[in-house]
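Enquirer: Structure provided below as structure tokens; questions to follow.
The values are calculated or read from the model by the stated rules, or taken from the named source; none is laboratory data. Bear in mind the structure is a predicted one, so any value in this text is a computation, not a measurement. Here the Cβ positions follow ideal geometry from the backbone for every residue, glycine too, while neighbour counts run over all protein chains shown. Each accessible area value is taken on the protein alone, full model and side chains, heavy atoms only, with ligands, DNA and RNA left out. Shrake-Rupley method; radii C 1.70, N 1.55, O 1.52, S 1.80 Å.
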Amino acid sequence: MKKLALSGSVIAVAFGSAPVHADTLQEALTDAYLNNPTLEAARANQRANDENVQIQRSQGLPSVTGTANYTEVLRQNNTNFFNPSRILTAGADLGVPIYSGGAVRNGVKAAKDRVEAGRADLRGLESAIFSQVVAAYMDVLRGQALVALSANQVDVLSVNVEATSDRFEIGDLTRTDVAQSESRLALAQGDLRSAEANLISARETYIALTGDAPDNLQPPPPLPGLPASADMAVDIALDNNPDIIAARERASAARSDVEVAGAGRLPTVSIFAGYDYQNALGSIPDIPPDPDVPGSQPIPVDQTATGAQAGVSLRMPIFQGGLPAARQRQASARATAALEDVIAAERDVIAQTRAAYSSWQASLAIIESSQAAVDAASLSLEGVRAENSIGNRTILDVLNAEQELLSSRVQLVTARRNAYVAGFSLLAAMGRAEARDLGLGDEGVLYNPLDNYNRVSGSIWDWGRDPEPEAKSTSTANIPAQTADIPAIEESDETP
């Protein structure tokens, strides 16, 4: 009987040697880092968050207000003939806050803490996006391997059907043997279609994350810095996980909010100064001459007037209906909730880290056992085929052996995918799956949220403005729909 058997190159479709031109995992992660819309939106939101520090700080800075009014008097007072019929007034007022009960100081501190929390959230999102990219990358590799395995199974079972039919024609086998072979072939063809659909779905997910289509993906490199134990992983995660850091910063900001709310019952002190200018624009008539003084002339009236003032203002709340106390109690309750959120974040991270470590270790063990199963199933299939050729085994025995080998290979491919994804998820939980950890670029390429913070910090010019908003990420509408085509696989008569 003619045989079609896959060599080790079948599984190497996903995890073996790479073709001449191929995309690497690092390139996929870089594409996502530079072109993922979710990540770009988070960076823009963090830049918006940076402005809260200056917004809070501005409440403690001097302010200058200018006013101008032009008035036309439509009807004069009947008893006053020296009122102007038009008047221009202008003035400038300066206010300098001196003391606000700590509201500004604590408001700035809370804003800074929330900026730190936002940076940690950005780190966490970066790790989450990278985890999705790694999973999509490995799903494409696994999908290619499963399509190759399924296609090979269809070829093998097609040969089996032909051979079984030939032996049935000469009376060596029964119609039942032919039906069994045809049934397995039909199931294998259905499995192939399902594997192809899954591969297309994986490729489309890859495009959505990276903005580019996968091109002959290379096997992934070894993961760096994996821990030796679950306890070591947890210790690192408690110090570096961005979700915990963000929760701690928000708790610190909530404490400052309590003091900001309490400042509503304290006095505020400010210095003020003002300058006023008034011009009647020649509309005040001259004082008429004195009729009792011969030769007297009209007396011109000064059309302008100026004034200046300065002082200190004290505002002392006496009674506000319990408003400041209610606000402070509300802020205190929210601070308590924020502290609980820290504990919840720690618990979640510990659970995620331990679970990821366990999944990683389990997948490594499954790889070892699956490889042993593949080796044993390959030998078993060869033996069953040989025994079938001399009549000691039935066609059903051969079909079962082929199915067992396929199942072992599928389990091995899946275990390799799961081990890598679990290992990367473990690094993400430990706070070690970010662009700098993965070597995605130098300092000139990596996005640094501090750059924008330093740019806007202390900016007091009211007319400053950034360029018009525009999206950085590119559309994927022009990328062709994906297919289930896979790299060519060499056939071999050798078993793995």
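Enquirer: Can you give me the C-alpha center-to-center distance between the range 55-130 and the range 228-280, rounded to a whole angstrom?
Expert: 21
Enquirer: Same structure again: Excluding P317 itself, calculate the net charge of residues whose Cβ lies under 14 Å from the Cβ of P317, where each Lys or Arg counts +1 and each Asp or Glu counts -1.
Expert: Taking every other residue near P317 into account, the sum is +3.
Enquirer: Once the whole set of protein chains is in place, how much accessible area is left on E340, using a 1.4 Å probe, in Å² to the nearest 10?
Expert: 110
Enquirer: Let me ask something else about it. Ranked highest first by the average count of other Cβ atoms within 10 Å around their residues, in what order do 212-225, 105-118, 232-245, 134-147 fall?
Expert: 134-147, 105-118, 232-245, 212-225
Enquirer: Within the P(r) computed for the range 272-392, what percentage of the Cα pairs occupies the region above 25 Å?
Expert: Here the tail beyond 25 Å accounts for 76 percent of pairs.
Enquirer: Can you give me the % of accessible surface on the range 111-216 that is carbon or sulfur? Probe 1.4 Å, all protein chains present, nothing else counted.
Expert: It is 48 percent, rounded to a whole number.
Enquirer: Dipole size in debye (nearest 20) for the range 145-185 around its Cα centre, Lys and Arg Cβ +1, Asp and Glu Cβ -1?
Expert: For this selection, approximately 160 debye.
Enquirer: At 7 Å along the Cα-to-beta-carbon direction for both S158 and S389, put a label point, then send me their distance in nm to one decimal.
Expert: About 2.3 nm, to one decimal.
Enquirer: May I pose another question? Taking the Cβ-Cβ separation of E340 and D239 as r and a Förster radius of 22 Å, what is the calculated FRET efficiency to the nearest 0.05?
Expert: Step by step, r from the Cβ atoms, then E = 0.60.
Enquirer: Then there's this: So what's the angle, to the nearest 10 degrees on a 0 to 90 scale, between helix 175-210 and the longest Cα principal axis of the chain?
Expert: Approximately 20 degrees, to the nearest 10.
Enquirer: With +1 on each Lys and Arg Cβ and -1 on each Asp and Glu Cβ, how big is the dipole of the chain about its Cα centre, in debye rounded to the nearest 20?
Expert: The dipole of the chain has a size of about 1980 debye.
Enquirer: While we're looking at this one, here's another question. Counting every Cα pair in the range 321-460, what percent are over 20 Å apart?
Expert: Counting pairs separated by more than 20 Å, the tail of P(r) holds 73 percent.
Enquirer: Given R₀ = 56 Å, FRET efficiency for V301-N45 by Cβ-Cβ distance, to 0.05?
Expert: After rounding to 0.05, the efficiency reads 0.35.
Enquirer: Name the residue farthest towards the positive end of the dipole of the chain from the options P221, S131, P242, assuming +1 on Cβ of Lys and Arg, -1 on Cβ of Asp and Glu, about the Cα centre.
Expert: Going by the Cα projections, it comes out as P242.
Enquirer: Select from I271, S380, G282 the residue farthest towards the positive end of the dipole of the range 264-397; place +1 on Cβ of Lys and Arg, -1 on Cβ of Asp and Glu, and compute about the Cα centre.
Expert: Of the candidates, S380 comes out farthest on the positive side.
Enquirer: Still on this structure, I have one more. Say R0 is 22 Å: what FRET efficiency, to the nearest 0.05, do T176 and L379 get from their beta-carbon distance?
Expert: The formula returns an efficiency of 0.20 here.
Enquirer: Then there is this: Report, in whole Å, the centroid distance computed from the Cα atoms of the range 311-390 and the range 169-188.
Expert: 50
Enquirer: Can you give the calculated 222 nm mean residue ellipticity of the chain, where each DSSP H run of n ≥ 4 adds -39,500 (n - 2.57) and the sum is split over every residue, rounded to the nearest 500 deg cm²/dmol?
Expert: My calculation for the chain gives -21000 deg cm²/dmol from helical runs alone.
Enquirer: Determine the per residue accessible area of the range 413-479 with all protein chains present and a 1.4 angstrom probe, expressed in square angstrom.
Expert: Per residue, the range 413-479 has 63 Å² of solvent-accessible surface.
Enquirer: While we're looking at this one, here's another question. Note down the magnitude of the dipole of the range 76-161 about its Cα centre, charges +1 on Lys and Arg C-beta and -1 on Asp and Glu C-beta and zero elsewhere, to the nearest 20 debye.
Expert: In debye, rounded to 20, the range 76-161 gives about 500.
Enquirer: Over the Cα atoms of the range 192-342, how large are the radius of gyration and the largest Cα-Cα distance (Dmax), in Å?
Expert: Rg then Dmax for the range 192-342, in Å: 37.6, 123.
Enquirer: If a paramagnetic tag sat 7 Å from the Cα of E169 along the Cα-Cβ line, which residues of the range 375-394 would have the backbone N under 20 Å from that point?
Expert: 389
Enquirer: Could I ask something else about it? Share of the range 301-440's accessible area from carbon and sulfur, percent, 1.4 Å?
Expert: In the range 301-440, the share of accessible area belonging to carbon and sulfur is 54 percent.
Enquirer: So what is the accessible area of the range 267-355 per residue, in Å², with the probe set to 1.4 Å?
Expert: 69
Enquirer: Can you give me the Rg/Rh ratio for the chain, using Cα atoms for both radii and the Kirkwood formula for Rh?
Expert: 1.30
Enquirer: Something else: Accessible area per residue of the range 81-211 at 1.4 Å probe, in Å²?
Expert: Spelled out: the 1.4 Å probe surface of the range 81-211, per residue, equals 42 Å².
Enquirer: Taking all protein chains as present, what is the carbon and sulfur share of the accessible area of the range 253-296, in % to the nearest whole number, probe 1.4 Å?
Expert: 62
Enquirer: Which of A179, S359, G464 sits closest to the plus end of the dipole of the chain, meaning its Cα is farthest towards the positive end, when Lys and Arg get +1 and Asp and Glu get -1 on the C-beta?
Expert: Of A179, S359, G464, it is G464.
Enquirer: Rank-order 165-174, 346-355 by packing density, defined as the average count of other C-beta atoms within 10 Å over each peptide's residues, highest first.
Expert: Taking the mean over residues of other Cβ atoms within 10 Å, the ranking is 346-355, 165-174.
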